[in-house]
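The values are calculated or read from the model by the stated rules, or taken from the named source; none is laboratory data. Computed from a predicted model, the values in this text were never measured in an experiment. Cβ coordinates were reconstructed from backbone atoms using ideal geometry, including for glycine residues, and neighbour counts include every protein chain displayed.
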């Protein structure tokens, strides 16, 4: 379990993290989301003792991570896949990490096999692609078989097979009862991976809830209706005070569920060919929530510049 209480970090005149409270529970995948500059990396660095809080506390399984005599057995982390000596082989990189934490060298082969790097274990890490570096970083995180796993952008540079593997692997770790905390900008994957979301913006917590609750609270939805007499259906629903918008050969209705819309239209003797609930994506919901927390806003390119 990871627990933060009034966690704050200031750099000169800038507050990166501003008195946040949260708990990352075991047995579920918690996604950590936020725009660039929101405080995600700083928060993760404070969890791992790489940055000292200005005030407040953060603990891993009841104590400061830095106080652990064998850190890799306490928490496995991937913050920077490039934090590897380029002249050292993948196997040797893991061997010295194992030796420093009293982990049997047999574990090195196990984690290399786990992440699919056993066949290139003797190659220098400097020759690895970004995706291979990510896999090696995950192998290092799992070296001590830790109960807590923290991964920052773990699918960067991975191919579709690798992305699916990370998703399945995270789910497996949570099912084993471990605490899994993952930061990512890839919303489509987070939607498939996370059970719980922690959203940060400008150093403050914007949301701390289950994925289901987040989508219910922040994702817009409407019912798509297609019918032969579309104008009559739209007139009927508008007359009932519903929000009705016509788009090409369909109308989009807000304020009533699909079944109730179907019953109402049928009661007036009108045919319906489609009733579909459409909910916006996690990306749309995230963008709506964090719109006022984005530090850098891009402007649309002009037609000439785009060319």
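This table checks each residue for (1) closer than 27 Å to residue 92 by Cα; (2) under 14 Å from the mean Cα position of the chain (by Cα); (3) outside any helix (DSSP H, G or I).
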{"residue": "135", "(1), (2), (3)": "yes, no, no"}
{"residue": "145", "(1), (2), (3)": "yes, no, yes"}
{"residue": "150", "(1), (2), (3)": "yes, yes, yes"}
{"residue": "189", "(1), (2), (3)": "no, yes, no"}
{"residue": "192", "(1), (2), (3)": "no, yes, no"}
{"residue": "206", "(1), (2), (3)": "no, no, yes"}
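Name the pairs: first residue in segment 154-173 and on the phi > 0 side of the Ramachandran plot, second residue surrounded by fewer than 16 Cβ atoms within 10 Å (Cβ to Cβ) and not in a helix (DSSP H, G or I), Cβ to Cβ under 8 Å, at least 6 apart or on different chains?
Pairs found: 157/129.
From the list 249, 243, which one is more than 35 Å from the chain's Cα centre (by Cα) and within 29 Å of residue 283 (Cβ to Cβ)?
Step by step, each of 249, 243 is checked, and only 249 is more than 35 Å from the chain's Cα centre (by Cα) and within 29 Å of residue 283 (Cβ to Cβ).
If you scan segment 54-77, which residues turn out to be at positive phi, surrounded by 16 or more Cβ atoms within 10 Å (Cβ to Cβ) and part of a loop (DSSP other than H, G, I, E, B)?
61
Is it true that some residue in segment 78-85 is under 26 Å from residue 172 (Cβ atoms), part of a strand (DSSP E or B) and in contact with a helix residue (DSSP H, G or I) (Cβ under 7 Å, 6 or more places away or on another chain)?
Yes; the residues of segment 78-85 include at least one that is under 26 Å from residue 172 (Cβ atoms), part of a strand (DSSP E or B) and in contact with a helix residue (DSSP H, G or I) (Cβ under 7 Å, 6 or more places away or on another chain).
In segment 9-47, what count of residues is obtained for those that are surrounded by fewer than 19 Cβ atoms within 10 Å (Cβ to Cβ) and farther than 21 Å from residue 197 by Cβ?
Residues flagged as surrounded by fewer than 19 Cβ atoms within 10 Å (Cβ to Cβ) and farther than 21 Å from residue 197 by Cβ within segment 9-47 amount to 6.
Return yes or no: is residue 241 surrounded by fewer than 11 Cβ atoms within 10 Å (Cβ to Cβ), out of contact with any strand residue (DSSP E or B) (no Cβ under 8 Å at 6 or more places or on another chain), touching a residue at least 12 places away in the same chain (Cβ under 8 Å) and outside the structural domain of residue 191 (by TED's automatic domain parsing)?
yes
What are the residues in segment 17-41 that are closer than 25 Å to residue 284 by Cα and not in a strand (DSSP E or B), if any?
34, 35, 36, 37, 38, 39, 40, 41
Among the numbered criteria (1) more than 18 Å from residue 179 (Cα to Cα); (2) buried (at least 21 other Cβ atoms within 10 Å of the Cβ), which one does residue 156 miss?
Exception for residue 156: condition (2).
Check every one of the helices (runs of 4 or more DSSP H) wholly within segment 225-307 and list those with 1 or more residues that are under 30 Å from residue 200 (Cβ atoms) and modelled with pLDDT of 90 or more.
Filter on segment 225-307 gives 282-290.
Would you be able to say whether some residue in segment 113-120 is without any contact (Cβ under 8 Å) to a residue 24 or more places away in the chain, over 18 Å from residue 182 (Cβ atoms) and touching a helix residue (DSSP H, G or I) at 6+ places or on another chain (Cβ under 7 Å)?
Yes: segment 113-120 contains one or more residues that are without any contact (Cβ under 8 Å) to a residue 24 or more places away in the chain, over 18 Å from residue 182 (Cβ atoms) and touching a helix residue (DSSP H, G or I) at 6+ places or on another chain (Cβ under 7 Å).
What number of residues within segment 102-133 are surrounded by fewer than 16 Cβ atoms within 10 Å (Cβ to Cβ) and not in a helix (DSSP H, G or I)?
Residues flagged as surrounded by fewer than 16 Cβ atoms within 10 Å (Cβ to Cβ) and not in a helix (DSSP H, G or I) within segment 102-133 amount to 7.
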